[in-house]
Amino acid sequence: MIERTPVLNIATHAILITGLAVAFVPMWLVFVAATLTIEQINSPPISLIPGSHLITNLTEAWTRGGLGTKLLNSLFVAVLVAAGKIAIASVTAFAIVFFRFPGRMLVFWMIFVTLMLPLEVRIVPTYAVAANALAPAQAVLDLVGIGWLWQQVSGVQMKLEWNLLNSYTGLVLPLVATATGTFLFRQFYLTIPAEIVEAARMDGARPLRFLRDMLIPLSKTNMAALFTIMFIYGWNQYLWPILVTTDRANYGTAVMELKRLIPTAAATGGGTPDWNVAMAGCLIVMLPPLLVVALMQRYFVRGLIGADK
Amino acid sequence: MEKRVHFKTAWLGVLLIVPQALLVLTFFYWPTGAALFWAFTLEQPWGGGNEFVGFENFANVLSDSFYWASVARSLVFALSAAALSMGMALVMALFCDRQLRGYNYYRTALVWPFAVAAPAAAVAFRYVFAPEAGVFSALNQIYPNLWNPAMNGTHAMIMIIVAYSWKYIAYNFIFFLAGLQAIPRSLVEAGAMDGAGVLRRMRDIQLPLLTPTFFFLLVINLTDSFVDSFGIVDITTEGGPAKATTLMVYKIYFDGFKGLDYSGAAAQSIVLMLLVMGLTIVQFRYIERRVHYT
């Protein structure tokens, strides 16, 4: 559409540039802070021009936070959470769409309703479950009398225990169930023409073969989109990791470590706050998800819109 | 919608659905059940299990003025953050959608903040708003404590709202832009033919057609601000100063893990859960409306 609106065009650019400033200025300040010395950063006014101590500050933040291990942990957790969500969502949706058995829709709705039970509102009891993930199973067994039966037969009291605290399993497993992912895959599978399924069956493909050779190749775009947003989701987890890890040296994640880099009065012991190191740490921790978004921009937007609709 | 063709081996389907069913039961429904159990019982001081106390825990929570203060703060936080981030995002999306030169750059550049971890954004803004080193440091030198989120509750609240909204501007922008692009181009062009200028078309064509997206985002923003604010609060203020930024989620965490008051925390969890459920149900009603709309 051709329209001549020179004044409005200038105004449009001005508004959009303001928006860019809102997005970039805080991060520019963070970057500049990470390049200054401790004296420079504590002498007002705030500096807008980068200094020369970026590498020093990055190294200092890296060693002080033990970021090597922490970044690896974060990467490990984020990849496992994203891959786990994709695997479990595609398989569950496959079962729901391509099979007929009683209770199928019940399970689907059960998964879907978890959207209304975010971790934050059930933190205390979820923590209790993580301390012994088999407690629910034990309670069910006791309830139906199998525990009692076992005790009568073997003479040993049945005690199921599986502690998830301070383990990768504990960091990942409780985050793997996914309502949005399952829903996304279900919607996609429903669009697959019946003819394809029939043709595959006629060619003698059994269910798992059909999943592997037809459905998975067809849903590659969906998987990439889901992987992008779920990787970021996993990387950015904060509340759950601080609950399940007390052994921070070995199992701490990078995002958790941010809080310890903040120069509070207690941390500096009344000394000068070294915000320069904290900001260098902040840069390191937020870089990986930004890289993922930069590389997978198209999938990121697509995944975000697909997952929330 | 049912699919006509399906595989005959039902047992395999059951087998495939079991893993996620187990995860959901263990990590979602069992804890929710436990929260209900704790909310209606009270642990005996000298051991001996929990005693059923009916709605006593809820009565205690609901008669606690600290609790209502945290509810009020959460509402202030939710509404201000939604207004700020949705308002900014809507203006950006409307003007970005004009697709002038540089459109792709603007779009890309406005999206990335959503990938920044909320705690990382929080650390960044804690520095930007630090009284001794941030943007207000020069003013603070002349007028000491003119700006100090560590001492002044209002300042602390402003800081968490800005830090939180910064990230959500990007999120809302993505959805508003997608909503605008779903509006048939022919409608906007017809408006132009009838002599409506750019701003007139925004007001009379694009904004009304964007209402479903708007309500959808409003509900998502409110829900998220109730649950997603934990990281921001914990990193920037830890609920302080003098509890001025203790939002509902933070109070649950604090009462449960620091105060070890499981029953009180569980009762608060149930209240928050009902709130989130209510909002989610509203959201699905709007999505249903939305399907008929287009």
**Item:** Entirely in region A:1-102, the helices (runs of 4 or more DSSP H) that have 1 or more residues that are basic (K, R) and out of contact with any Leu (no Cβ under 8 Å at 6 or more places or on another chain)
**Value:** A:67-98
**Request:** Could you tell me whether any residue of region A:148-161 is of a type in the set (G, A, S) and touching a helix residue (DSSP H, G or I) at 6+ places or on another chain (Cβ under 9 Å)?
**Result:** no
**Item:** Checklist (1) within 23 Å of A:W235 (Cα to Cα); (2) in contact with a Ser or Thr (Cβ under 8 Å, 6 or more places away or on another chain) applied to A:F108, failing item
**Value:** (1)
**Message:** Would you confirm, using the coordinates I've provided, whether A:L243 is surrounded by fewer than 22 Cβ atoms within 10 Å (Cβ to Cβ) and in a helix (DSSP H, G or I)?
**Reply:** yes
**Request:** Can you work out which of the residues in region B:105-138 that are more than 16 Å from B:Y164 (Cα to Cα) and of a type in the set (S, T, Y) is farthest from the other protein chains (Cβ to nearest Cβ)?
**Result:** B:Y105
**Asked** Among (1) outside any helix (DSSP H, G or I); (2) in contact with a Phe, Trp or Tyr (Cβ under 9 Å, 6 or more places away or on another chain); (3) more than 8 Å from chain A (Cβ to nearest Cβ); (4) within 22 Å of A:L20 (Cβ to Cβ), where does B:A93 come up short?
**Response** (1)
**Item:** Count - residues of region B:134-150 that are closer than 19 Å to B:A124 by Cα and under 31 Å from the mean Cα position of the chain (by Cα)
**Value:** 8
**Message:** With the requirement that a residue be modelled with pLDDT under 85, touching a Phe, Trp or Tyr at 6+ places or on another chain (Cβ under 8 Å) and at the interface with chain B (Cβ under 7 Å from one of its Cβ atoms), what does region A:92-123 give you?
**Reply:** A:L117, A:E120, A:R122, A:I123
**Asked** Of the residues in region B:7-24, how many are within 7 Å of chain A (Cβ to nearest Cβ) and of a type outside the set (S, T, N, Q)?
**Response** 11
**Message:** I'd like to know if region A:125-146 contains one or more residues that are in contact (Cβ under 8 Å) with a residue 40 or more places away in the chain, small (G, A, S) and within 11 Å of another protein chain (Cβ to nearest Cβ).
**Reply:** yes
**Request:** For region A:74-92, indicate whether the set of residues that are in contact with a Pro (Cβ under 9 Å, 6 or more places away or on another chain), within 28 Å of B:T9 (Cβ to Cβ) and of a type in the set (S, T, N, Q) is non-empty.
**Result:** yes
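The values are calculated or read from the model by the stated rules, or taken from the named source; none is laboratory data. Predicted model only: the values in this text are computed from it and were never measured. Glycine also receives a Cβ, built like all others from the backbone with ideal geometry; neighbour counts cover every protein chain displayed.
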